[in-house]
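The values are calculated or read from the model by the stated rules, or taken from the named source; none is laboratory data. None of the values given here were measured: they were computed from a predicted structure. Cβ sites come from the backbone with ideal geometry, for glycine too, and all protein chains shown count toward neighbours. SASA here: full protein model, heavy atoms, side chains in, ligands and nucleic acids out. Shrake-Rupley method; radii C 1.70, N 1.55, O 1.52, S 1.80 Å.
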Amino acid sequence: MVIQSKLTCCFGHASQQGQSRNSGDSKVKRKRFARRDTARTRNENDFKNLQSLEICGGELTDASVKNLKDLVCLTWLNLSQNRSLTDKSLEVIFGLTALVSSNISNSRITDEGLHYLKPSKNLRSLTLEYSMVTASEIRKQPP
C-alpha cells in the first residue's frame with residue numbers, strides 16, 4: 001500500500017457531469033457532483049458499473065456513504081473535503097474490494113479506523129491529508 005503525501009484540492013463546483021478519461025485502451029466512466037447533486041445518487045441502477053466517483057467538498061455523512069456499498073466496480077474514489085466522515089465510513093469504503101485509489105482527506109478519520117483496511121487487497125493509493133490519522137499508525141500497516 002502506498003500512502004500519498006500530496007495535497008489534493010477538490011472543491012466540487014461542477015454539477016453532475018458524465019466525463020470519461022482514458023485508462024489504457026478502455027474508457028473509464030467518471031461522475032462529479034456538487035453538494036446539491038448528492039441526492040441524485042439514489043438511482044443505483046445508473047451507477048452499478050461506475051468505476052470512478054468524486055464527491056468532494058460536500059456534506060456527506062457516514063450514513064450517506066452506506067449508499068456506496070453496491071458500487072462493486074469502483075476503483076477510484078475521492079471523498080475529500082467531507083468533514084463529517086468518520087471511521088464508520090471506512091467499513092463501507094474499504095469493503096469495496098475493487099478499490100485501487102481513495103482520497104478521504106480533510107475528514108474525521110482516526111487511527112482506529114485503519115483496521116478496516118484489511119479486506120482492501122487492491123488498494124494501492126490512500127490519501128488521508130488533514131485527517132486525524134498519525135504517521136506512526138500508518139507505518140504499522142502491512143505493505
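When the residues of the range 128-143 are narrowed to those that are open to solvent by 60 Å² or more (accessible area, probe 1.4 Å) and outside any loop (DSSP other than H, G, I, E, B), which ends up farthest from Ser101 (Cα to Cα)?
Per the criteria, the residue is Ser136.
Of Ser52, Ser84, which residue is surrounded by fewer than 19 Cβ atoms within 10 Å (Cβ to Cβ), among the small types (Gly, Ala, Ser) and either in contact with a helix residue (DSSP H, G or I) (Cβ under 6 Å, 6 or more places away or on another chain) or at pLDDT 80 or above (or both)?
Ser84
Yes/no matrix, rows are residues, columns are (1) farther than 20 Å from Leu114 by Cβ; (2) within 12 Å of the chain's Cα centre (by Cα); (3) part of a loop (DSSP other than H, G, I, E, B):
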position: Leu53; (1), (2), (3): yes, yes, no
position: Cys56; (1), (2), (3): yes, yes, yes
position: Glu59; (1), (2), (3): yes, no, yes
position: Asp70; (1), (2), (3): yes, no, yes
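I want to confirm something. Restricting to the range 109-127 and keeping residues that are in contact with a helix residue (DSSP H, G or I) (Cβ under 8 Å, 6 or more places away or on another chain) and part of a loop (DSSP other than H, G, I, E, B), which single residue is farthest from Ile55 (Cα to Cα)?
Leu123
If you check every pair at least six apart or on different chains, which have Cβ atoms under 9 Å apart with a residue in the range 62-73 that is without any contact (Cβ under 8 Å) to a residue 40 or more places away in the chain and basic (Lys, Arg) first and a residue that is open to solvent by less than 60 Å² (accessible area, probe 1.4 Å) and not in a helix (DSSP H, G or I) second?
Lys69/Gly95; Lys69/Leu96
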